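Have a look at the structure below, then the notes.
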Amino acid sequence: MQSGKWTGLTACLVGVTLLFSGVMPAAGAEDQPIRVGAFFALSGPAATIGTPTKLVAQMVVDRINKTGGINGRKLDLVVGDTESEPTKALMEAKRLVEKEKVVAVIGPTRTDEGLAVKPYFEDTAHVPVIMTIGGDPVIAGGKFGPFHWTFKTPQRTSVAVKTIYDYLKSRNMTRVALLTASDGFGKDGLAWLEQLAPEFGIEIVSREVFAVSDTDMTPQIIKTRETGAQALICWTIGPAGARVARNVKQLGLTIPLAQCHGQPDPKYIELAGEAAEGSIMPSTKLMVVDQLPDSDPQKAVIQEFIKLYSEEYDYDKQYPINTHSGYAWDAIFLLSNALREVGSQAEPLRAAIEKTHGYVGVSGIYNLSPEDHNGLGTDSMVMVKVEKGKWVMLKP
């Protein structure tokens, strides 16, 4: 009894001392927000993609917080700017993990940035990173290294290539010319275009390369006219794709121009003008939601996304919805679903993301596995065509 009396008195004195010294016991971790990092190209060449991606990430976090957060805890989005540069992306990744103490990271924007930061997450940081980049190498394994901690929400390059090849084959177009960018995204596209061609009975009759900063691709395109190609496939994101479309029109090339899955964007039509007419490309269903059957499980999710983005947040006026728009939505929800299930400890969180099955997102229905840290197939994409300045879904 005497011991218990002094124990209680000691605890009381400690509490009084803390009170008068201005120091109070820290709140439990269960009362604190869950800090999530998000780094995108908010400046530089890829800012037109990175900035709206950041807005979507914050929009989703707001939505989750307004509906109770994660088991009662709010999400706190800590944002960084990669400036469209791989070196800066690595600096931001380190800041978010080591200084801001985030439990996971969303982003970055460009494939080259993703390749620059991946070794840090795999070898040092050991927290999940869900990338919003187009290229496959970050989760390809093999010579590109392990991807234990690395995930991505945009479709794999291989999925986009299969979608294009399947469409061309269905139209009896088997001879193609390739025009690819010299950056990481373009090289990834070229690799898959070459690797998958035999599977679809496609013959590649020419290969030309350009830098994304090039202002005129006419010399490369001229070379395709003598090859007997039935279609020209261009692999790049951003304004370079529109420059290719204008050059094709100026040269009077009449074969179909197929762009990659990064180009379904009102900006492409704006920059290419009349030259965009007739362009075909694989796209997320987001761009043609009104043309989807009501039976498509993604339709209601996409409609909810569009309502929030366009009506409640009014982002569409400055950043019209494009095929990239849903990537951060899906990344945040993949993460939040896992957080709700297992909490924020790194390895259990990573494992829960990896076990995601049947998550219906804006960009597709995700089924991940240890071998596939993307989880989307060709059923997540549709072929679209620019007709009278609008996106039209093409029949398989």
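The values are calculated or read from the model by the stated rules, or taken from the named source; none is laboratory data. Note that the coordinates shown come from a computational prediction; the quantities given were computed from them, not determined experimentally. Positions of Cβ are backbone-derived with ideal geometry, glycine not excepted, and every protein chain shown enters the neighbour counts.
Hey, any hits in region 370-387 for a residue that's assigned to a loop (DSSP other than H, G, I, E, B), of a type in the set (S, T, N, Q), closer than 27 Å to Gln58 by Cβ and more than 15 Å from the chain's Cα centre (by Cα)? Looking through region 370-387, none of the residues is assigned to a loop (DSSP other than H, G, I, E, B), of a type in the set (S, T, N, Q), closer than 27 Å to Gln58 by Cβ and more than 15 Å from the chain's Cα centre (by Cα). Across region 192-213, which residue is surrounded by the fewest Cβ atoms within 10 Å (Cβ to Cβ) among those that are closer than 19 Å to Glu113 by Cα and among the hydrophobic types (A, V, I, L, M, F, W, C)? Out of the qualifying residues, it is Ala211.
Name the single residue, out of those in region 318-371 being among the small types (Gly, Ala, Ser) and crowded, with 22+ Cβ neighbours inside 10 Å, that is nearest to Ile130 (Cα to Cα). Give the derivation first.
Taking region 318-371 first, the residues among the small types (Gly, Ala, Ser) are 325-326, 328, 331, 336, 338, 343-344, 346, 351-352, 358, 361, 363-364, 369.
Subsequent filtering for residues that are crowded, with 22+ Cβ neighbours inside 10 Å retains 325-326, 328, 331, 338, 361, 363-364.
On the way: Ser325: 15, Gly326: 13, Ala328: 9, Ala331: 6, Ala338: 12, Gly361: 14, Ser363: 14, Gly364: 15 Å.
Selected residue: Ala331.
Checking the stated criteria, Thr132 turns out to be touching a Pro at 6+ places or on another chain (Cβ under 8 Å) and of a type in the set (S, T, N, Q).
Looking only at residues in region 177-191 that are small (Gly, Ala, Ser) and under 21 Å from Ala140 (Cα atoms), the one that is surrounded by the most Cβ atoms within 10 Å (Cβ to Cβ) is Gly189.
Within the set Phe151, Phe185, the sole residue that is among the aromatic types (Phe, Trp, Tyr), outside any loop (DSSP other than H, G, I, E, B) and assigned by TED's automatic domain parsing to the domain that holds Pro52 turns out to be Phe151.
Scanning region 374-382 turns up at least one residue that is under 24 Å from Thr124 (Cβ atoms) and either at pLDDT 95 or above or surrounded by 16 or more Cβ atoms within 10 Å (Cβ to Cβ) (or both). Looking only at region 289-326, filter to residues that are outside any helix (DSSP H, G or I) and of a type in the set (Ser, Thr, Tyr); which one of those is farthest from Val386 (Cα to Cα)? Only one residue fits best here, namely Tyr313. Within region 214-231, the set of residues being under 14 Å from Ala181 (Cα atoms), surrounded by 15 or more Cβ atoms within 10 Å (Cβ to Cβ) and either outside the structural domain of Gln250 (by TED's automatic domain parsing) or not polar (S, T, N, Q) (or both) comprises Asp214, Met217, Ile221. Counted as qualifying within region 214-288 are the helices (runs of 4 or more DSSP H) with 1 or more residues that are within 21 Å of Arg175 (Cβ to Cβ) and more than 18 Å from the chain's Cα centre (by Cα), namely 218-224, 239-250. Could you check region 67-107 and list, in sequence order, the residues that are in contact (Cβ under 8 Å) with a residue 40 or more places away in the chain and either in a helix (DSSP H, G or I) or touching a Gly at 6+ places or on another chain (Cβ under 6 Å) (or both)? Hits for region 67-107 are Val78, Glu83, Ser84, Ala89, Glu92, Ala93, Leu96, Val97, Val102, Val105.
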